[in-house]
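The values are calculated or read from the model by the stated rules, or taken from the named source; none is laboratory data. None of these values were measured; they are calculated from a predicted model. Cβ sites come from the backbone with ideal geometry, for glycine too, and all protein chains shown count toward neighbours. Heads up: the accessible areas ignore ligands, DNA and RNA and are worked out on the full protein's heavy atoms, side chains in. Shrake-Rupley method; radii C 1.70, N 1.55, O 1.52, S 1.80 Å.
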Amino acid sequence: MPAKVLSGKLLSARIKDELKHEVAQLESKGITPGLAVVIVGNDPASRVYVNSKKKACEEIGIYSEEYALPEDATQMDLVNLITSLNQKKDIDGILVQLPLPKHINEEEVINTINPKKDVDAFHPVNVGKIMIGNYDFLPCTPAGVMELIKESGIEIAGKECVVVGRSNIVGKPQSMLLLHEHGTVTICHSRTKNIKEVCRKADILVAAVGKANFITADMVKPGAVVIDVGINRLEDTKKLVGDVDFDNVAEIAGAITPVPGGVGPMTIAMLMRNTVKAVQL
Ligand code: NAP
Ligand code: L37
């Protein structure tokens, strides 16, 4: 039987609808959540994502401000901007869309954000809190993945979970969240040997690599839950695909997320959730 397709599009719409009601209640108390989105340079993918984030704010009733800095903005420009946003009363959340241009020190920029306004949860204070398991914010993409896994109906506790990718924004925090839910977690990366065999053990497989068709059907255990975080633009057809060979893996998996319409929209919904949460901090 082909896999159940886990729609991030539908689930994110449901979550945004719930948030809309929460924001309306805050509004009746005279409170409007506010998000500042900072984008530097002209990365076309970042532009698309930032526009989607602003649109989601409008749908829900969150106030948003965009700060678009030119490609040649300096470290000081960015640090000064973030320092002023830290102090701005109508701004509850600050998001700096990554990646930043090469001449910018990303770490220093992230360290400048007030952890209570760090809706991406990339500040070391928030990263540390996640590690301990006592957190204010969860990072948006891994949090979205957890919601999709819950939607699959499969229990995480005791299951073999394999995460392919160990970046600070996806793979590493993803592994930690699965661990908190009592999964037995394995992290794969570019130095992993026998990756096919490791992946084949997974009851829950999360791919965050950035390579089209990286996960093939022979790497998937029958009935597994397969979550595709990858976003890749094919050179020839310009088609948007994930890291998973969807058509063939869907024949074997128990549940699978599509690209587009899977993890991407969930990332945005979780950002909205974090922004509403930031009001309380
Ligand atoms: P990244 O920083 O480039 O990390 C990629 C990871 O994949 C690294 O840990 C790397 O290993 C590993 N890797 C690369 N080649 C491999 C191979 N041949 N075998 C095994 N592992 C390999 O990327 P990222 O920021 O985590 O993003 C990953 C993907 O998710 C990208 O396509 C990105 O666009 C997408 N993404 C989607 C969302 C969303 O909301 N849907 C959000 C963020 C990112 P090493 O560490 O050893 O180099
Ligand atoms: N929170 N997310 C946060 N901070 C960052 O600094 N880079 C980054 C980040 N990543 C991010 O925003 N990723 C992302 C990826 C895909 C989508 C949204 C956000 C998304 O909406 N994807 C759609 C397709 C969009 C398209 O057509 O390109 C999807 O359905 O997958």
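Spin-label point model (7 Å from Cα, Cβ direction): what's the Q87 to K239 distance in nm?
Going from the Q87 label point to the K239 one covers 5.3 nm.
Within the accessible area of the stretch 72-127, what % is carbon and sulfur when the probe is 1.4 Å and the other protein chains stay in place?
On the way: 1540 of 2740 Å².
Using a 1.4 Å probe with all protein chains present, the stretch 72-127 comes out at 56 percent carbon and sulfur.
Restricting everything to alpha-carbon atoms, can you work out Rg to Rh for the stretch 160-281 with a Kirkwood hydrodynamic radius? Spell out each step's value before the answer.
Details: Rg = 14.8 Å, Rh = 14.9 Å.
Rg divided by Rh gives 0.99.
Rounded to the nearest whole Å², what accessible area per residue is found for the stretch 237-281 with the 1.4 Å probe?
With the other protein chains kept in place, the stretch 237-281 gives 37 Å² per residue.
Suppose we look only past 12 Å in the calculated P(r) of the stretch 192-237. What percent of the Cα-Cα pairs does that tail hold?
Values: 647 of 1035 pairs.
Cα-Cα pairs of the stretch 192-237 separated by over 12 Å account for 63 percent.
Give the calculated FRET efficiency between E106 and N213 to the nearest 0.05, with a Förster radius of 30 Å applied to their Cβ-Cβ distance.
That gives a FRET efficiency of 0.55.
Given a 1.4 angstrom probe, I'd like the percentage of the accessible area of the stretch 164-281 that is carbon and sulfur, rounded to a whole number. Let's see the in-between values first.
Values: 2830 of 5490 Å².
Reported share for carbon and sulfur atoms: 52 percent.
Run the numbers for K9 and E65: contour at 0.36 nm per residue of separation, minus the present Cα-Cα distance, in nm.
Value of the extension gain: 17.7 nm.
Cα axis of helix 44-60 to longest principal axis of the chain: angle in degrees, 0 to 90, nearest 10?
Long axis of 44-60 versus the principal axis of the chain: about 70 degrees.
Multiply the residue separation of L179 and L281 by 0.36 nm, subtract the distance between their alpha-carbon atoms, and state the gained length in nm to one decimal. Please report the intermediate quantities before stating the final value.
On the way: separation 102, 0.36 × 102 = 36.72 nm, distance 2.58 nm.
Contour length minus Cα-Cα distance gives 34.1 nm.
Set the bar at 18 Å for Cα to Cα. Now go through K20/K277; K150/K196; K117/K277; K54/K211; K88/K129 and name every pair that lies beyond it.
Values: K20/K277 13 Å; K150/K196 25 Å; K117/K277 10 Å; K54/K211 28 Å; K88/K129 25 Å.
The answer is K150/K196; K54/K211; K88/K129.
Report S190's accessible area, 1.4 Å probe, all protein chains in place, as a number in Å² to the nearest 10.
110 Å²
Nearest 10 degrees, 0 to 90: what angle lies between the long axis of helix 140-152 and the longest principal axis of the chain (Cα atoms)?
40 degrees
At 7 Å along Cα-to-Cβ for each site, give me the label-to-label distance between A157 and V125 in nm.
In this crude label model, A157 to V125 measures out at 3.3 nm.
In nm, to one decimal, how far is the D247 label point from the K150 one, both placed 7 Å along Cα→Cβ?
Distance between the two pseudo-spin positions: 3.5 nm.
Where only protein heavy atoms count, and the probe is 1.4 Å, what is the accessible area per residue for the stretch 89-191 in Å²? Display every interim value, and only then the final one.
Details: 4830 Å² over 103 residues.
Here the residues of the stretch 89-191 average 47 Å² of exposed surface.
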